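Accompanying notes for the structure given below.
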């Protein structure tokens, strides 16, 4: 009985004290500021092999000074977002699609969300929570309480 109780307490501790996002004063505007030399502005993607990638997005400010998450899709039917646009090459060939989602603050410092997100595998999220982890220097996917579920890597084209 004692062993069972001890195992239960250890499991509960692991759940309660899972890895949390570390935030500070960093905002999307500061991350994209010229003095950051574009160090954190770029495409963030899942760390998995390319066939397993679920997230491939940028965070940008649109013309109306609203921050948006732009997820890249290869197929129009699987694309989601508040607005979907075609990505064309110089010769007009459609290369893919971009779904734009308006970013909302979650009420917890440094955690944001987008509504009705669809990842590259077709999984739908009523709300996708994310933020920039200052300790890891990465964009992370979280739950609404800031528990990290996935760490994204900055993709450098080249």
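Assess whether residue 70 counts as being modelled with pLDDT of 85 or more, more than 12 Å from the chain's Cα centre (by Cα), surrounded by fewer than 20 Cβ atoms within 10 Å (Cβ to Cβ) and not in a loop (DSSP other than H, G, I, E, B).
So residue 70 fails the test.
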Looking only at the range 135-158, which residues are surrounded by 19 or more Cβ atoms within 10 Å (Cβ to Cβ) and farther than 16 Å from residue 57 by Cα?
146, 148
Is it true that residue 132 is at negative phi, touching a residue at least 60 places away in the same chain (Cβ under 8 Å), in a strand (DSSP E or B) and surrounded by 12 or more Cβ atoms within 10 Å (Cβ to Cβ)?
yes
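Over 26 Å from residue 24 (Cα atoms), more than 15 Å from the chain's Cα centre (by Cα), in contact (Cβ under 8 Å) with a residue 24 or more places away in the chain and not in a loop (DSSP other than H, G, I, E, B): is that true of residue 122 in this structure?
When the stated conditions are applied, residue 122 does not pass them.
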Which members of the range 120-142 meet the condition of being in contact with a strand residue (DSSP E or B) (Cβ under 7 Å, 6 or more places away or on another chain) and farther than 19 Å from residue 79 by Cα?
130, 131, 132, 133, 136, 138, 139, 140, 141, 142
Do you know which of the residues in the range 87-100 that are over 19 Å from the mean Cα position of the chain (by Cα) and touching a residue at least 12 places away in the same chain (Cβ under 8 Å) is nearest to residue 117 (Cα to Cα)?
96
Would you be able to tell me the number of residues in the range 85-114 that are surrounded by 12 or more Cβ atoms within 10 Å (Cβ to Cβ) and more than 29 Å from residue 133 (Cβ to Cβ)?
2
Out of 70, 62, 116, I need the residue that is in contact (Cβ under 8 Å) with a residue 24 or more places away in the chain, out of contact with any helix residue (DSSP H, G or I) (no Cβ under 6 Å at 6 or more places or on another chain) and more than 30 Å from residue 19 (Cα to Cα). Which one?
62
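The values are calculated or read from the model by the stated rules, or taken from the named source; none is laboratory data. The structure presented is a predicted model; accordingly, all values stated were derived computationally and were not measured. Backbone-built Cβ (ideal geometry, glycine too); neighbour counts: all protein chains shown.
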